[in-house]
Amino acid sequence: MRYLSKWTPGLAVALAFLLGGFEVESALAVEGTIWLIGDSTVASYPAERDPVAGWGQLLGEYCKEGVVIQNKAVSGTTSRSFVSRKFWEKVLPQIKEGDYVFIQFGHNDHYKERGEHLVSADDFKTNLAGYVAEIRGKGATPVLVTPMCRRIFDANNKIKKQFANYPEKVIELGREEKVAVIDLEEISFQELGKLTVEETKDVFLYLPAGKYPAFPDGKKDGVHFQTHGARLLAGWVVEDAKKQKLPIAQLFQ
């Protein structure tokens, strides 16, 4: 028999004792679903790609028992192509009232092809607003996340911000539509700035040759993360949600 305790942990334990050791679910257990949409820096990867990971892949480590993670981020997508490639139309019908949805695009939107960004900053904001409206239409709660810093340094070997006004568009939208924003660009700028140039290699996908079957020749990638780095990012997201006292924070340990 399982009892869903609404009392304090102490009372739950006492009840379990009096009932002769019946299983009592922890008072810390909750029910809730967190969806994630975004690009490769958020996405989950199969074991054969070890150690590459997106922060969404590690988010579950910070969640309370009973929380369900649905990471639907897709590598290579922009705020526009996630819709045009029909990923969003598969996700949206599954989102239900009371769910939370993290939205983080920007890396590919900001990418320049033939001198032009794949998605302009204004269109980026408009696209994000569309997600926000549709998520709210399902009775769920959107949470906007700015894209984190890449491993690019200035002349003084300090991490640089590289996304121009794209993060500002996210923050603007959050303010205008009263949507929670986790400014992961600023957070990663501050946190990565505490590390030496060499130490940042352990965060990003800098791998020696011969260590990982998926990367026999090694790897030097200043955009994507190895498991340690993805875990740090997920922790920063969780910490900021708690700091802001966002409703989603109730799902985190």
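Quick note: the coordinates plus some simple rules give every number you see, no bench work behind them. Computed from a predicted model, the values in this text were never measured in an experiment. Positions of Cβ are generated from backbone atoms using ideal geometry, with glycine treated the same way; all protein chains shown enter the neighbour counts.
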Unit charges on C-beta of K, R, D, E only; dipole of the chain, Debye: 100
Residue 243 versus residue 61: modelled label distance in nm, points set 7 Å from Cα along the beta carbon direction: 2.0
Net lengthening on full extension, residue 195/residue 94 (0.36 nm per residue, minus Cα-Cα): 32.3 nm
Computed label-point distance, nm, for sites residue 114 and residue 75 using a 7 Å Cα→Cβ extension: 2.6
Cα-derived Rg to Rh of the chain, Kirkwood definition: 1.02
Potential extension, residue 136-residue 168 segment - 0.36 nm per residue separation minus Cα distance: 9.3 nm
At least 18 Å along the helix axis (C-alpha) and Kyte average at least -0.5, DSSP helices within the chain: 121-137, 227-244
Lysines with Cα under 24 Å of residue 194, excluding same-chain neighbours fewer than 8 positions away: 158, 160, 161, 219, 220, 242, 243
Theoretical gain in end-to-end length, residue 86 to residue 49 [0.36 nm per residue, Cα-Cα removed]: 10.8 nm
Calculated P(r) of region 125-233 - Cα pairs past 24 Å, %: 40
Cα lying deepest toward the dipole's positive end in region 22-133, options 118, 79, 62, charges on Cβ: 118
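Percent antiparallel among DSSP beta bridges with both residues in the chain, to the nearest 5?
Rounded to the nearest five, the antiparallel share is 35 percent.
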All lysines inside 19 Å of residue 90 as judged from Cα atoms, apart from same-chain residues fewer than 8 positions distant: 72, 138
